[in-house]
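First the structure, in the form of structure tokens, and then the observations on it.
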Amino acid sequence: MATISNFTVSYIRFKRLNEMFNVMGIDSWKSGKVYYNCLANPNNLLDNDYTCFFHHNPVEYIEFLMHQPAFREHMAYAPAKELNDAEKHIYSEMISSDWWWNEQVC
């Protein structure tokens with residue numbers, strides 16, 4: 001078996017990132033603030049009492065990811081049965097779960 005160097009893995013990773021369409025842009029990030037001290041009076045909080053967080057709209061982000069050519073070969077839209085040599089069901093990913101088979105509408 002051939003050994004893959006860290007350089008090769010990094011090159012492939014950056015090549016895939018460069019293939020991604022950057023349609024969301026920096027403006028797609030939203031920010032918010034939250035405080036965790038339940039005993040604090042919310043009317044007397046200072047700026048350093050808050051923790052800042054950043055996020056995307058989850059639906060828009062999933063759409064963005066699903067349109068990426070770099071992920072095309074890794075997407076699954078239907079359940080799949082994986083069997084070992086003894087014809088026993090192998091559970092390895094969500095697509096091989098009984099749940100997906102039970103939920104699938106034919």
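The values are calculated or read from the model by the stated rules, or taken from the named source; none is laboratory data. These numbers were taken from a predicted model, which means no experiment stands behind them. Glycine gets a Cβ as well: all are built from the backbone with ideal geometry, and neighbour counts include every protein chain shown. Only protein heavy atoms, including side chains, enter the accessible area calculation; ligands, DNA and RNA are left aside. Shrake-Rupley method; radii C 1.70, N 1.55, O 1.52, S 1.80 Å.
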* Asked: Exactly one of (1) hydrophobic (A, V, I, L, M, F, W, C); (2) open to solvent by less than 70 Å² (accessible area, probe 1.4 Å); (3) modelled with pLDDT of 85 or more; (4) under 17 Å from the mean Cα position of the chain (by Cα) is unmet by VAL59. Its number?
  -> (2)
* **Close pairs from segment 48-69: first in a strand (DSSP E or B), partner open to solvent by less than 90 Å² (accessible area, probe 1.4 Å), Cβ under 6 Å, at least 6 apart** => THR51/VAL34; PHE53/GLY32; PHE54/SER31
* Output the residues belonging to segment 70-106 that are among the β-branched types (Val, Ile, Thr) and assigned to a helix (DSSP H, G or I). => ILE95
* Asked: Looking at segment 65-86, which of the residues that are more than 23 Å from the chain's Cα centre (by Cα) and among the hydrophobic types (A, V, I, L, M, F, W, C) is least open to solvent (accessible area, probe 1.4 Å)?
  -> ALA86
* Pairs under 6 Å by beta carbon, first residue at pLDDT 75 or above and in a helix (DSSP H, G or I) in segment 3-14, partner open to solvent by 100 Å² or more (accessible area, probe 1.4 Å) and among the polar types (S, T, N, Q), six or more apart or different chains? -> none
